[in-house]
Structure formats: structure tokens, C-alpha cells
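Enquirer: What follows is a single structure, and I will ask about it in a moment.
The values are calculated or read from the model by the stated rules, or taken from the named source; none is laboratory data. Note that this is a predicted model, so its numbers are computed, not measured. Here the Cβ positions follow ideal geometry from the backbone for every residue, glycine too, while neighbour counts run over all protein chains shown. In case anyone asks, the SASA skips ligands and DNA or RNA and just uses the protein heavy atoms, side chains included. Shrake-Rupley method; radii C 1.70, N 1.55, O 1.52, S 1.80 Å.
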Amino acid sequence: MAADRATERLMMQDALRKNATVGATPPRPPRRGTDFLTIRARVQALVSAVVIAAVFILWKSPKSSLPTTYALCSKSRQIYTVEPDLPTVECVVVDGAYIADLGSREDITQRWGDKYKTGPIPGSPQSVAKSGLVFKTLPKGHAVVPGLSDSHAHVLDYGKTMQLPLAGSRSVEEIVKRTREYIERHPDVLNDTSIWIQGGGWDQTLWEGGEFPTWRDLDADPVLKGRPIVLDRIDVHASWVSSRVLEILSPLPDGVEGGHIIRDGDGAPTGVFVDNARQLIAARKPPDTEAQLFAYYKTAMRDALEHGLTHIQDAATYPNYVDFFVNMADKNMLPIRLTLMAHIDGDDYWGGNFTKLFGYADNRLTMRSVKLFMDGALGSWGAAMIEPYSDKPTEHGLLLSQPQAMLKLIDQFIADDWQVNVHCIGDRANNIVLDALETALAKHTHGDRRPRIEHAQILTPGDLRRFGKLGVIASVQPTHATSDMGYAEQRLGPERIKGAYAWRSLVENGARLALGSDFPVEGINPLLGFYAAVTRLRPDGTSPHGPGGWYPAQALSRQEALHGLTLGAAYAAFQETQLGSLRVGKRADLVVLDQDIMTVPLERILRTRVRATIVDGRVGWGKV
């Protein structure tokens, strides 16, 4: 038995290492625009490099007290593998970056008895078996799950938003107050009215009246007046700007295809730009410097590790973002795994602007998919609907791309072996993209395509059935349901709401689910999504339908929710042979929790804290 398991372990590790090595280090993607840098930009780049180098010296993972090979054990078998044939175990053995064995402590000791002849490690505080293998036993009640993955998030945008976070603001006045306080806390910003101020997270549905804000609300404060200010809505599908930004953007076009420039009764812009109209702001706003990107990144990585995330799928990675992440990989500064979805705005084919990455930097960085956008968001009436909105009968939402253009893009990306991931919120957007995928998949029958619809939020009964039939992955964000449920039925009416956030219906129709958060749209803590998926409740335990949850028939089981945050997410990123479950030969990515989220009362799930986040067998955050 011991010989068989040892042989299996070595064979699987060798195979995985080969898979990660063959084609795993493609040529470094070329830098863009280097020959056109101005002298000022070169100076900024040099300063950024010095800042990053200085932070790199100080920014190190916590020193691990664990040896290269060790066993992590739970006396009550609260180690969850997400493997159906062995769902829980007493011990998991980590050997370097890989999982080497699973089973009872007795069996582990017996199987590993011949591996160590040197005895206990000098000075080690851990209990040591006679074989010399270090055993670390978890405190009572603690649990271990595979490393958690966010299937849909925005890494650098999260860090940027956290500079001036506005989520939860209950009024325009609170937004203005937070923005003023941000300016006053930063003397460099306070003393230079030309610096662009950026923040995000406002949600007019939380305010009395629920109306969009205007530039006048910002200019009413003397500290804000005259400054270029851009504040993104919580869904990042609408931006609210100051009068100074309107001056910079002037003259504005009468309209924008796939977007709205919100205007008052006299036709004057109010300062709110929706969906494609936001590109007018992006074209005039100064690009982030390397130092700014690094500050955003550092914030995101710190918070991700603290909350047990070992893998994030970045859902719209622009070329300069790709360059930044590759730079971090080359400096050995990727503390977790990133899977990038390449993106460039526009309907012209842009696949040739990117170089695919397979297992770059020892499987810390991958890019084999693209992100496309079909429509806007529900909260800003931008989700494309077949029938008009129930609370706005003149509005059907926005198509950010026309159906034929989307079909052409999807077909070309699939032909060039890119995984295609498309943002679809409204039922019309989902219907158009499912039609396009059905056509393209029938044409390109070779290969493992794994197309994804990001959000899959509002679906007709017929389209709910098509996900399983076509093999389209539903990449959903459970906290969107609990954030939207206060107004979603008002937007959609009593019938359409039955096909919204319909996770149980998707599962019953054979769809694979991958769970994420869409942070910074929602919180970065994956347990928020786990709780929302199984309870259909807000974090405070409430819902429009009471403590039993909002449309509770669409909830997931705890096992399904954990699968969606681990193995389901790994499958959606073509990583299921290396990540997502605890199995011999897979990467040793684990999370130690101070409570067992699979068994504690529902109301205690969100009181659970991460005690350690382990990536490739080493502690990246916390302590074991």
C-alpha cells in the first residue's frame, strides 16, 4: 500500500510538473509604447521603479514555521477535499509545493515511516512522529478547505477603489463628505487642484428618491469645486464627474452608441456617464503610473490573502495591466495565482494584441481567455432586456456591442483558441450571446472550449436550459443577488424575476457554476459569497422575503457553494488538474478557518476568520 501510494504521488507530481513546464514560459509579452515615452513619462517610470524596488525589499511573506514536508491534521476530520470519493480526511501531507498524501494519521505515519531517517527537526515546536514527519494538529473546531478562488474580480480596480471607497454611502451628502475627507487627508492632493481624484462604490438605490447625482452635488462643497473628480457607481457601469471634468471633456457628442450621457430637462449634461459613454472620460483621464498600479496591487494582494484567496480570475485585463502583472511575475512578486481575461474596448478584433500565458512563473500567472461585454448593469438600467423595465417602461437597457459584431468576435476568438467569457446581465444580452456561442461552437467543434457567461443574471426559461446543453459555464456572483434584491423585482416585475439569480435552475439544467464576487463591486471576502449562495440573505440576516431568504428555492447547498469557490472555479480556468481540491499531486493551496463553515449554524458563517492562507505549501498569510 505504502509503495503504491508513494509511486502514485511521484508519478502525479512529475506529470503535473511537466504539464506546467511544457510551453509554460512563453516569450515575455512585449512592452507597448516604449519608444513614444516623453521625458516626463521616463522620469515617472524611473521614480516608480525606485518606489517598487524599495517596497519589494520590505514586502515579504510571513516567515513560515513549517518545514518543506509536513502533515496538517484534524482530529475530527474537518479537512474538506472537495473530492467525492474522499470528501473529508484527518490529515493532508504537503511535500514542497504539492499534496503528497491524504488519510488518517495512523495510515500517514505508516506510509511515511521509511521516508525520514534523521528524526525530529531540531528546535521544532511541532509534534514529530517517530518517522520524522512533522504533524501539525489543528485546534478544535478549526477546518481546512482547498485554496479559495474568485472566478470574477478586478484586482487593480479593487486597489484603486480602496483609495476612496464609497460603498454603503446612504446619501449624496455622505459621498461628498467622504471625498472631502480624502482630499484633506492627502496634502499633495489638497494643494494641487489639477490632480484627478478617483473613487468608487456609490449606489443611488440606497438613497432617498433613488435618483442619479449631478456635478452640482460635488461643486457645492468648496474643497471639491474646481477639481477633476471621477466617482464610479458600485457596478462600475456609470461614472459621476465634477464640472471640471465636464469642462475637460467639452465639447461632448450628442450621444454614444451603447452608452448614455445623462442630461437634464434643458439637455445639459448632469455629470453621469453610463456604459460606453464612460470611454469619453477614460480617453482624457491621465493613465495610472507604475507606482499607482503597484499601490493598488499591494492593497488587493494583502486583502486577498487575508481572506483565504489563493487564485483570482481578473475579469478584464487591459494591455498595460497585463504588462504590470508580467512584471510582478518576473520579480517573483505574485503571492497568489492570477488568471487574466484579456480585454480591449471596441468591436474590432484584438486577439493579436496579446500573447497567451500558460503556467507562467511556476503557474502563478495564466492568460488564455478574453473578456467581452454585451450589456450594462441592472442598477443603472443598462442591462439589455427583451421587454422594457417594469419601473421604466421607456427603457430596454443598453447593448454595448451589436449582435453581428459580437458573433464575429466570438467566432474569431474561438478560431484562435481563446476561451471566450462574455459579460451578460439582461435576458436579451444572454439570449444574443447564447445564440452566438451556439453558432460558433457548431462551427469550431475541435478542442475544449469552455465558454463562459459572466453573471448569467437574468434568463428566460429557454435560455436557462441552454447552458447545460451547450456546455456554457455560468460564472455567477452570489452577493449580486443579495445586494440587488431590494430593487431587482421592481426593475423586472413578478414574472421575469423567477429567471434572475437562478442558480438552482442552472444546476438542474446541467450547467457548471463558477462562483466569484466581482470585487470591488462586492466585498473581497469569499465567505460573503458562500453565505449569500446558501442563505439568499444579506449579511445582517434579512431579505425582502424574511429570514428564510429571497426566493430560497434557488439557493445552493454548502457543498455546491464550496465546489463553486474551489473546483468549479478551477475548471472554469482550465486549472482543475492542479487546483481546486485536495488530491495527491495537486498544488498545496489550502485555507485554515477558525470555524467549520460546512457545519456551523448559518448565522455564524460570516463570523468565521481565516487563520492561515497557504500557497504552494508555504504560509502566505497568518500562522499554522
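Enquirer: As an exercise, use a Förster radius of 30 Å and the Cβ-Cβ distance of GLN490 and LEU252 to find the FRET efficiency, rounded to the nearest 0.05.
Expert: Working: r = 31 Å, r/R0 = 1.03.
Taking R0 as 30 Å, the efficiency between GLN490 and LEU252 is 0.45.
Enquirer: I need the fraction of alpha carbon pairs in the chain separated by more than 35 Å, rounded to a whole percent.
Expert: 41 percent
Enquirer: In addition: How many angstrom separate the Cα center of the stretch 269-329 from the Cα center of the stretch 433-484?
Expert: Using only Cα atoms, the two centres lie 26 Å from each other.
Enquirer: I've got another one for you. Explain nothing, just the number: dipole magnitude of the stretch 545-595 about its Cα centre with +1 on each Lys and Arg Cβ and -1 on each Asp and Glu Cβ, in debye rounded to the nearest 20.
Expert: With only Lys, Arg, Asp and Glu charged at Cβ, the dipole is about 120 debye.
Enquirer: Within the stretch 240-270, what residues put their amide N at less than 13 Å from the label point 7 Å along the Cα-to-Cβ vector of LYS392?
Expert: Inside the label zone: 259-263.
Enquirer: Amide H neighbours of VAL619 under 5 Å, at least 5 residues apart or on other chains, H built in the peptide plane: list them.
Expert: Result for VAL619 returns nothing.
Enquirer: Let me ask another. Just to be sure I understand: of the beta bridges DSSP finds with both ends in the chain, what percent are antiparallel, rounded to 5?
Expert: Within the chain, antiparallel bridges account for around 50 percent of the total.
Enquirer: If you don't mind, there's one more thing I want to ask. So what's the Cα pair-distance distribution over the stretch 356-482, bin width 5 Å, in %?
Expert: 2, 11, 20, 21, 19, 13, 8, 4, 1, 1, 0
Enquirer: Mind listing the phi-derived Karplus ³J(HN,Hα) values for the stretch 190-197, rounded to whole Hz, using 6.51, -1.76 and 1.60 with θ = phi - 60°, and x for any glycine or proline?
Expert: Values per residue, Gly and Pro as x: 4, 8, 9, 6, 8, 6, 6, 9 Hz.
Enquirer: In the chain, if the dipole is taken from +1 on Lys/Arg beta carbons and -1 on Asp/Glu beta carbons about the Cα centre, which of ALA329, THR69, LEU138 is farthest to the positive end?
Expert: Farthest towards the positive pole: THR69.
Enquirer: Please list log₁₀ I(q)/I(0) at q = 0.09, 0.12, 0.17, 0.18 Å⁻¹ for the stretch 369-579, using the Debye equation with identical point scatterers on the alpha-carbon positions.
Expert: Each listed q maps to, in turn, -0.32, -0.58, -1.18, -1.32.
Enquirer: For the stretch 153-283, which semi-axes, largest first and in whole Å, follow from the square roots of 5 times the eigenvalues of its Cα gyration tensor?
Expert: That gives 21, 17, 16 Å for the three semi-axes.
Enquirer: On to the next question. With +1 on each Lys and Arg Cβ and -1 on each Asp and Glu Cβ, how big is the dipole of the stretch 369-579 about its Cα centre, in debye rounded to the nearest 20?
Expert: For this selection, approximately 300 debye.
Enquirer: Within the chain, what whole-number % of the accessible surface is contributed by carbon and sulfur, with the 1.4 Å probe and all protein chains included in the calculation?
Expert: Within the chain, the accessible surface is 53 percent carbon and sulfur.
Enquirer: By its C-alpha gyration tensor, with a ≥ b ≥ c as the square roots of the eigenvalues, how is the stretch 223-355 shaped: rounded for a/c under 1.5, else prolate for a/b larger than b/c, else oblate?
Expert: prolate
Enquirer: Under a crude label model (7 Å from the Cα following the beta-carbon direction), how far is GLU508 from ARG216 in nanometres?
Expert: About 5.0 nm, to one decimal.
Enquirer: So with the 1.4 Å probe, I'd like the accessible area per residue for the chain, rounded to whole Å².
Expert: 41 Å²
Enquirer: Please state the charge dipole magnitude for the stretch 350-435, taken about the Cα centre, from unit charges on C-beta atoms (+1 on K and R, -1 on D and E), reported in debye and rounded to the nearest 20.
Expert: On the way: 7 positive and 10 negative charges, 64 e Å.
Here the size comes out at about 300 debye.
Enquirer: Could you give the nm distance between label points at ASP266 and ARG180, where each point is 7 Å from its Cα heading toward the beta carbon?
Expert: Distance between the two pseudo-spin positions: 2.6 nm.
Enquirer: Using the structure shown, select from LYS177/LYS225; LYS177/LYS285; LYS586/LYS623; LYS160/LYS298; LYS75/LYS136; LYS285/LYS331 the pairs with a Cα to Cα distance greater than 20 angstrom.
Expert: LYS177/LYS285; LYS586/LYS623; LYS285/LYS331
Enquirer: Follow-up question, since we're still on this one. Sequence-distant or interchain residues sharing an amide H contact under 5 Å with SER242, placed H: which?
Expert: Long-range HN contacts for SER242: ILE229.
Enquirer: Looking only at Cβ-Cβ distances, which cysteines of the chain have no other cysteine closer than 4.7 Å?
Expert: Cys with no partner Cβ under 4.7 Å: CYS424.
Enquirer: Roughly what % of DSSP beta bridges within the stretch 369-579 run antiparallel, to the nearest 5?
Expert: On the way: 3 of 18 bridges.
If I count the DSSP bridges inside the stretch 369-579, around 15 percent turn out antiparallel.
Enquirer: Next question. Taking 7 Å along the Cα-to-C-beta vector as the label spot, tell me the TYR349-SER171 distance in nanometres, rounded to one decimal.
Expert: My value for the distance between the label points is 5.5 nm.
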